[in-house]
Each structure stands twice: as C-alpha cells, then as structure tokens.
C-alpha cells in the first residue's frame, strides 16, 4: 500500500507503495484511511520538536472505513465509517476511572512505541500510534469513533483532532460563558475551532491574534469581532476592554512566548487556557507575585478536556445544524503524492487546514 514516511527528522516525506501494516490482532481494527488533515503537531513530530521515533508515518487527524476487526471487537464492523481518535481511553486506568478518558495515555503511549508498519521488512512507527498518512492503519478498537456514512470523510477527519481540541478547550476546559470577552492567540485550525466555539458560547468580543494578514482576514468569517498582530495585541486589548483585559484567553501555538502573550491579555482573575503543544524544554515563566495577586487561572487543555467520543458526536450534530462551518476551514486539498505541499502551505501561515485525500 501507499504511505508517506519520514526517514529522518527535518527531511521531506517520502511516498512509498510497498508499506505493509502489522497484522490485525485481538482488540484491534484495520482502517482504510480516506482523508487525513495536515496538523501542526505532525510538523512538530517531523522536526523532532515532539518526541516520535523515526522512521515513522505521520498523521493523526483522519477518517476512513473499517476493513477488518480483530477477535473480541464488537463496537464496529467492516464497512463502518469512523473517526480516528489519537488518545483513546483504555477504560481501566486511574484517569478513566475518574471519567478523564481524554487524559488516558495507556494505549497511545504503547502504540507510539510499537511499530505499526513494515517497509522492506524493517519496522516503521506510527505518529502518536496513528500514522494516518497511510492508506491502511491497524489501531486499538478504542481509537475509532463510528460516524454516520453521510458525513463526508473530510469533515470527519477535521473532527478527529483540530475541531475537537479547539472547541473542547472553550466548552469544557475554560467553560466560556455568555457575554464574556475572549482573545485567541494563534488562528490555525485549532484556533479557528476555538473561535467558533466562543461564538456559540455567546462571547461578546472575540479578538483573533495572528501575524498572518491573510489569516486575520479569514477569521472575520468565523466569528472574530476584531483582529491584531502580536505586536498590536496589548494596545487593541486595552481599547476593547477599557484596559481590563479579557475574561478568557487561549494560546493555540505551543510556544512559551505566546503563552506569555495570552497571560498578559487576560484580565485580573481571568482564565488563560493553553492548547498549543510545545517542546518539553520550552518553559513558561511567571512572577510569583503576579500569580497570586492577579489571581489569573492558567489551565492546560488536551484533546478538548472531556469524553472524546461524546464530543465528536456532539460536533457532528453542530455541523449538521449549520452552527459549525467546518467546510470553510478547509482551504486546500492535496493527494497523498503531494503531501509535502501540505506542509509548505502550513509554513506560509496563510491557510487554515489542508486535507490529504488517499
């Protein structure tokens, strides 16, 4: 089968047509991937910013069709359409026992360290245990969420990561309330999803902060009420909030500098939610005096901060109702053989989401 493989960090992806998956074992499913999104986390893995053993097949934001189920799998059957979930809940760890399945690392950690493919007889890993830049993948059954067959694969793929992550940060982690003010630092796919969720939550002001002029123009169609470059952000915030700062700010980039920017934009007593995944050695520092005296709340948000399958079902409903414009998030489409173009487009900072058709 065809797949895109990264042999060495900071190198282009290579398209091969002799990739093989591992066999479908008990408790596993084989999925024919139809569409996958190019997420910035994939790029971070390809540069070594995020830990991923090479060689590996990138991709984790995907959707496709079940081809085969292993022994003991009853939740899905061949022919079902599914969304890939990159942090599946094992159902038995301490996090799962606390209804925090979105924090469960048991299955993802194991799958990330276990080769999911073979190329010329040699093992190849899958990024975060998924590897959706391949025509077929073998996953734990908990890693797939069934979706109705009339939902386009490209819409299902976006829900697989960016949309669930961004909307969940607003709905679940921060719990933005009606009439509140919001600033979003970073307006890629996850930031746009957060922006739409803030609008659905009734936010009265939504400031979108991004260095890309093209993105700042695009975001006005997703609910932003104002935009600013990073350099303009504090002055614009002072004007919009009377010098108070925003009730909620979201960092959706994954850098300590942008977390600091989001912290400065929050009002005293406001909530700062960190959504972007950065490097382990990129440390965010704050004044101990300010932390106590300003009483700002700093929260991390992973994969939407709540039950992932239920979130995905809710997002499909919001899309059906026309309340989430997921179609407009797709600014480019490429075929698998042009996968490197997806990351070239990402590096320009101008588009929102490129989907890859397999």
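The values are calculated or read from the model by the stated rules, or taken from the named source; none is laboratory data. Since the structure is predicted, the reported quantities are computational estimates derived from the model, not experimental observations. Backbone-built Cβ (ideal geometry, glycine too); neighbour counts: all protein chains shown.
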(1) at pLDDT 95 or above; (2) surrounded by fewer than 24 Cβ atoms within 10 Å (Cβ to Cβ); (3) more than 16 Å from the chain's Cα centre (by Cα): which one isn't true of residue 171, the others all being true? (3)
Hey, residue 258 in contact with a helix residue (DSSP H, G or I) (Cβ under 8 Å, 6 or more places away or on another chain) and either modelled with pLDDT of 95 or more or outside any helix (DSSP H, G or I) (or both) or not: no
Residues of the range 190-209 being in a loop (DSSP other than H, G, I, E, B) and either closer than 17 Å to residue 331 by Cα or within 18 Å of the chain's Cα centre (by Cα) (or both), which ones? none
Which residues, counting only those in the range 248-265, are without any contact (Cβ under 8 Å) to a residue 60 or more places away in the chain, surrounded by 20 or more Cβ atoms within 10 Å (Cβ to Cβ) and under 14 Å from residue 234 (Cβ atoms)? 263
All but one of (1) within 19 Å of residue 38 (Cβ to Cβ); (2) surrounded by 24 or more Cβ atoms within 10 Å (Cβ to Cβ); (3) outside the structural domain of residue 240 (by TED's automatic domain parsing) hold for residue 135; which doesn't? (2)
Just one of (1) surrounded by fewer than 14 Cβ atoms within 10 Å (Cβ to Cβ); (2) in contact with a helix residue (DSSP H, G or I) (Cβ under 7 Å, 6 or more places away or on another chain) trips up residue 321, so point out which. (2)
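For every residue, the table says whether it meets (1) in a strand (DSSP E or B); (2) more than 25 Å from residue 219 (Cα to Cα); (3) at pLDDT below 95; (4) not assigned by TED's automatic domain parsing to the domain that holds residue 175.
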position: 280; (1), (2), (3), (4): no, yes, yes, no
position: 284; (1), (2), (3), (4): no, yes, yes, no
position: 309; (1), (2), (3), (4): no, yes, no, yes
position: 333; (1), (2), (3), (4): yes, no, no, yes
position: 350; (1), (2), (3), (4): no, no, yes, yes
